[in-house]
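Worksheet: the structure to be examined is printed underneath.
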C-alpha cells in the first residue's frame with residue numbers, strides 16, 4: 001500500500017484547513033451560541049424537559065450531528081472537485097496510487113476537519129448547559145463513524161458535481177432537511193403515530209438516535225439498528241467509489 005501518496009494528499013488537504021483555522025474555529029462557536037439563544041430562549045422556555053433531560057442538553061447531540069454531517073460532506077466534496085475543476089485529477093489517476101489510497105487521503109482529511117468542528121461544538125455547548133455523557137466510547141465512535149461515512153458521501157458528490165452549484169446542492173437541499181426532520185431538536189416519540197412511522201424511513205434518525213443514546217442512555221430506535229445503518233451506509237458509499245474509479249465515471253470527462 002502506497003501510504004506516501006495517502007499522506008501527501010492528507011497533508012495537502014489539511015494545509016488548506018490550517019490556513020482558515022480561525023474561521024473554522026469561530027464559525028461553529030458563533031452558530032452554536034445562536035442555536036442556544038434561539039432554541040433555548042424561544043423553545044426551551046416552553047419545553048422544560050424531553051424524557052427527563054433538559055431541552056438545552058437534549059439538542060446538543062443534534063447540533064453536533066448537523067454540523068459534522070454538513071461539514072464532512074462539504075469538505076470532502078470540495079476537496080475532490082477542485083482537482084477536477086483545474087485538471088490535476090489526471091495526475092492522481094496516473095500516479096501509482098490505488099483508488100483506496102486516494103480516497104483515504106481525501107476522506108481522512110475531511111473527516112478530521114469535521115471531527116474538529118464536532119469537538120469545538122461540544123466544548124461550546126458545555127458552556128451553556130450541563131452535559132452528561134454516559135458512554136464516552138460510544139459517543140466518540142458514533143462521531144468518528146459519522147464523519148467518515150459522510151466524508152465518503154461528500155467524495156461521491158464532488159465527483160458527481162459538474163459545477164459549484166451542484167456541489168452545494170446535496171448538503172443544502174438534502175442533508176440539512178433530513179437532519180432537521182431526523183429528530184435533531186425533538187424526540188421522534190413526540191410525533192403523531194403516523195409521522196413516527198414516516199420518520200423511521202429517514203436514515204439520519206438512526207444516526208442521531210444512536211449518538212443521543214451515548215449521551216443520555218435513551219434512543220428513538222435500538223442502538224444496534226443505528227450501528228447497522230451507519231455500517232450499511234459506509235459500505236454502500238465505498239462500493240460506489242470503487243465503481244466510480246473502476247469505470248472512470250465523471251473522472252475522465
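Read the figures in this text as sums done on the coordinates, not as results from a lab. Quantities reported herein were computed from a predicted structural model and do not represent experimental measurements. Glycine also receives a Cβ, built like all others from the backbone with ideal geometry; neighbour counts cover every protein chain displayed.
Sorting 142, 150, 78 from the fewest to the most surrounding beta carbons within 10 angstrom yields 78, 142, 150. Rounded to the nearest 10 degrees, the angle from helix 223-247 to the longest Cα principal axis of the chain is 20 degrees. For the pair residue 228 and residue 137, the difference between a 0.36 nm per residue extended length and the Cα-Cα distance amounts to 31.0 nm.
Each of 115, 173 was scored by other Cβ atoms within 10 Å of its Cβ. Arranged with the fewest first, they read 173, 115.
Placing R0 at 22 angstrom, the Cβ-Cβ distance between residue 86 and residue 173 gives a FRET efficiency of 0.25 after rounding to 0.05.
Pulled fully out, how much extra length does the chain show between residue 240 and residue 7, if you take 0.36 nm times their separation in residues and subtract their Cα-Cα distance?
Working: separation 233, 0.36 × 233 = 83.88 nm, distance 2.30 nm.
So the chain would gain 81.6 nm between residue 240 and residue 7.
Would you work out if the range 1-126 is rounded, prolate or oblate? Take a ≥ b ≥ c from the square roots of the eigenvalues of the alpha-carbon gyration tensor; rounded if a/c is under 1.5, else prolate when a/b is larger than b/c, oblate otherwise. Since a/c reaches 1.5 and a/b is larger than b/c, the shape of the range 1-126 is classed as prolate.
Taking each residue as 0.36 nm, the span from residue 20 to residue 46 lengthens on full extension beyond its C-alpha to C-alpha distance by 5.5 nm. Where a ≥ b ≥ c are the square roots of the eigenvalues of the C-alpha gyration tensor, would you call the range 172-218 rounded, which needs a/c under 1.5, or, failing that, prolate if a/b is larger than b/c, or oblate? Because a/c hits 1.5 or more and a/b fails to exceed b/c, the range 172-218 counts as oblate.
Quick check on the chain: helices-only [θ] at 222 nm, where DSSP H runs of length 4 and up contribute -39,500 (n - 2.57) each and the sum goes over total residues. Nearest 500, please. Kindly include the intermediate steps, with their values, before the conclusion.
Working: 12 runs with 183 residues, N = 253.
Helix-only estimate at 222 nm: -24000 deg cm²/dmol.
Put in order of Cβ neighbour count within 10 Å, fewest first, the listed residues 147, 237 become 237, 147.
Within the listed set 178, 228, 207, the residue fluctuating most in the Gaussian network model of the chain (springs between alpha-carbon atoms under 10 angstrom) is 228.
Its relative contact order, with pairs defined as Cα atoms under 8 Å and 6+ residues apart, puts the range 3-247 at 26 percent. Report the Cα centroid-to-centroid distance between the range 164-231 and the range 1-57 in angstrom, as an integer. For the range 164-231 versus the range 1-57, the Cα centre distance is 17 Å.
Overall, the anisotropy analysis places the range 3-247 in the prolate class: the square-rooted eigenvalues a ≥ b ≥ c of its C-alpha gyration tensor yield a/c not less than 1.5, with a/b exceeding b/c.
Run the numbers on the range 107-200 and let me know its relative contact order in percent, using alpha-carbon pairs under 8 Å that are six or more apart.
On the way: 31 pairs, mean separation 26.5, N = 94.
Averaging sequence separation for qualifying contacts and normalising by length gives 28 percent for the range 107-200.
Against the chain, whose longest principal axis comes from its Cα atoms, helix 136-160 is set at around 50 degrees. Helix 3-19 and the longest principal axis of the Cα set of the chain meet at an angle near 60°. Which residue, 13, 101, 165, tops the fluctuation ranking in a GNM of the chain built on C-alpha contacts under 10 Å? In this elastic network of the chain, the residue with the biggest mean-square fluctuation among 13, 101, 165 is 165.
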